[in-house]
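Worksheet for the structure shown next.
What follows draws every value from the coordinates through simple rules; no lab data is involved. Bear in mind the structure is a predicted one, so any value in this text is a computation, not a measurement. In this analysis, Cβ positions are derived from the backbone assuming ideal geometry, glycine residues included, and neighbour counts consider all displayed protein chains.
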Amino acid sequence: MAKVYLTGAGPGDLDLLTVKALRLVGEADIIIYDRLVNAEILKEAKNGCEFLYVGKEDGKHTIPQDEINAAIYEASLKYEVVVRLKGGDPFVFGRGGEEALYLQEKGVKLMRLFQE
C-alpha cells in the first residue's frame, strides 16, 4: 500500500520549505499540488514524477474538493509515494483534515511528517 503524505509547501519561498517536505518532494511518485505552491519546489521532484494540479481560486475551482479527495485515493492505489502538497500548512486554512478523514475512511495509510 502507498504512503500518502499531506504536507505543506510553507509560505512560498523554496528556502523556507522544511527539509522533510523537500525530501518528500524528491521521493514522490506523484505530487498533487495547489495553486499556491511555488513552481521552483516542483523542480526538486525526481525524474518520472507525475504531477496533478488541483489549484483553486476564488470562484474558479479546477477540480471540486470531492474529486480532489478521490484523486488522492486513486493515486494511492497506483503509486508507492503520494505527496499532497499544499501552499502553507495543509491543516490551517486548507482542507487537509477533510482529505485525511476521507483517506482514512478508505483505509489509506497516512504518514505523519514526524513518523519514520
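Checking each residue in region 39-54 for being surrounded by fewer than 14 Cβ atoms within 10 Å (Cβ to Cβ) and not small (Gly, Ala, Ser) picks out Glu40, Lys43, Lys46, Asn47, Phe51, Tyr53. Residues of region 1-47 being of a type in the set (D, E, K, R) and more than 21 Å from Ala70 (Cα to Cα), which ones? Once the filter is applied, which keeps residues that are of a type in the set (D, E, K, R) and more than 21 Å from Ala70 (Cα to Cα), region 1-47 yields Asp13, Asp15, Lys20, Arg23, Glu27, Glu40, Lys43, Glu44, Lys46.
If you go through region 36-62 and keep only what is of a type outside the set (A, V, I, L, M) and within 16 Å of Ala75 (Cα to Cα), you end up with Gly48, Cys49, Glu50, Phe51, Tyr53. The residues listed here are Glu105, Glu57, Glu80; of these, the one that is of a type in the set (Asp, Glu), surrounded by fewer than 17 Cβ atoms within 10 Å (Cβ to Cβ), under 22 Å from Met1 (Cβ atoms) and free of Cβ contacts under 8 Å to residues at least 40 places away in the same chain is Glu105.
Quick one: would you say Lys20 is among the charged types (D, E, K, R), out of contact with any Asp or Glu (no Cβ under 7 Å at 6 or more places or on another chain) and in contact (Cβ under 8 Å) with a residue 60 or more places away in the chain? So Lys20 fits the description; yes. Of all residues in region 1-23, count the ones that are touching a Gly at 6+ places or on another chain (Cβ under 9 Å), outside any helix (DSSP H, G or I) and surrounded by fewer than 16 Cβ atoms within 10 Å (Cβ to Cβ). Of the residues in that region, 4 qualify.
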